[in-house]
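One structure is given below, encoded as structure tokens.
The values are calculated or read from the model by the stated rules, or taken from the named source; none is laboratory data. From a predicted model like this one, the values you see are computed outputs, not experimental measurements. In this analysis, Cβ positions are derived from the backbone assuming ideal geometry, glycine residues included, and neighbour counts consider all displayed protein chains.
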Amino acid sequence: MSAGDNGSRELMEKILHDEEHHIDWLEGQLHAIKEMTYENYLASNCTRLKKLTTAASRPCRPCAERSRRERESAIRGGMQHC
């Protein structure tokens, strides 16, 4: 970074701030694992993890919209759909 490069400085400060939050979160997770054992930690997070993985497996909006249009087109064309 050159002298007076405020844009880069601000960006780096934001990245540093975000990373500090990630470190705090990870340290909290490690503390929780030590307090409740790994197995209980995993069991307590299963519901949250299931929601995250279910959301991640859904198609994005453009794909879902394309799929909907294809189903409607198949119905109008007299084709069977699932």
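Numbers at a glance
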quantity	calculated
From Ala64, Ala56, residue being at pLDDT below 90, surrounded by fewer than 10 Cβ atoms within 10 Å (Cβ to Cβ) and of a type in the set (A, V, I, L, M, F, W, C)	Ala56
Single match in Glu39, Glu72, Glu35, Glu10 (criterion: surrounded by 10 or more Cβ atoms within 10 Å (Cβ to Cβ), modelled with pLDDT of 80 or more and assigned to a helix (DSSP H, G or I))	Glu10
